[in-house]
Amino acid sequence: MGLLGKLFNSQERDLDFLTDDEKELREYEENQYRAESGIANTVSEFVATEIRSVPEINGVVISGTVTSGTFSTGDSIEIYGSSGKKAESTLLVIGQYGKQTDYVSEGANAEFHIPNVQKNLIKRNDIIKKS
């Protein structure tokens with residue numbers, strides 16, 4: 001390894017020199033999601049990326065990615081917050097590309113409309129699973 005390799009070794013770089021994408025990826029890999037996330041024996045998982053409060057349903061709309069399995073409208077779900085709190089609810093609506101859909105499967109980016117859940121319970125990279 002040359003001098004530049006030593007100076008710019010990604011393992012030794014200060015966080016100030018990382019791009020936002022690199023910081024987000026590092027946070028994602030270190031803190032939350034792994035294929036073996038340790039949350040029960042999950043068949044279907046969804047990782048949250050953005051959370052919005054929706055007063056009309058007294059709940060939230062969560063954008064994210066289905067990392068395994070499938071989700072359908074009406075499924076019972078469990079939300080595992082990073083604070084260790086767990087909430088249960090039902091999928092009211094699933095949105096994809098600005099339209100409602102009946103189901104989504106692994107690899108899909110989607111929005112879940114979830115009633116009776118407060119926004120402060122959920123953060124980025126929290127996991128939702130089918131119960």
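Values quoted throughout were computed directly from the atomic coordinates according to the rules given, and no laboratory measurement underlies them. Predicted model, so just to flag it, every value in this text is computed and none were measured. Neighbour counts are summed over all protein chains in view; Cβ atoms, including those assigned to glycine, are modelled from backbone coordinates with ideal geometry.
Some values worked out for this structure:
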| quantity | calculated |
| --- | --- |
| Estimated inter-spin distance, Thr19 and Lys86, nm [label 7 Å along Cα→Cβ] | 3.9 nm |
| Glu78 paired with Gln96, simple spin-label distance in nm, labels 7 Å along Cα-to-beta-carbon | 2.5 nm |
| Extension gain from Asn125 to Thr49, taking 0.36 nm per residue of separation minus the Cα-Cα distance | 26.8 nm |
| The stretch 43-130, Rg to Rh (Cα coordinates; Rh as Kirkwood inverse mean 1/r) | 0.91 |
| Given Lys99/Lys130; Lys23/Lys99; Lys23/Lys86, the pairs whose alpha carbons are separated by over 25 Å | Lys23/Lys99; Lys23/Lys86 |
| Contour excess over end-to-end distance, with Cα ends at Gln118 and Asn58 and 0.36 nm allotted per residue | 20.8 nm |
| Amide proton proximity set for Asn125, modelled H, under 5 Å, gap of 5+ | Ala48, Thr49 |
| As computed over the stretch 44-83, the Cα convex hull volume per residue (Å³) | 93 Å³ |
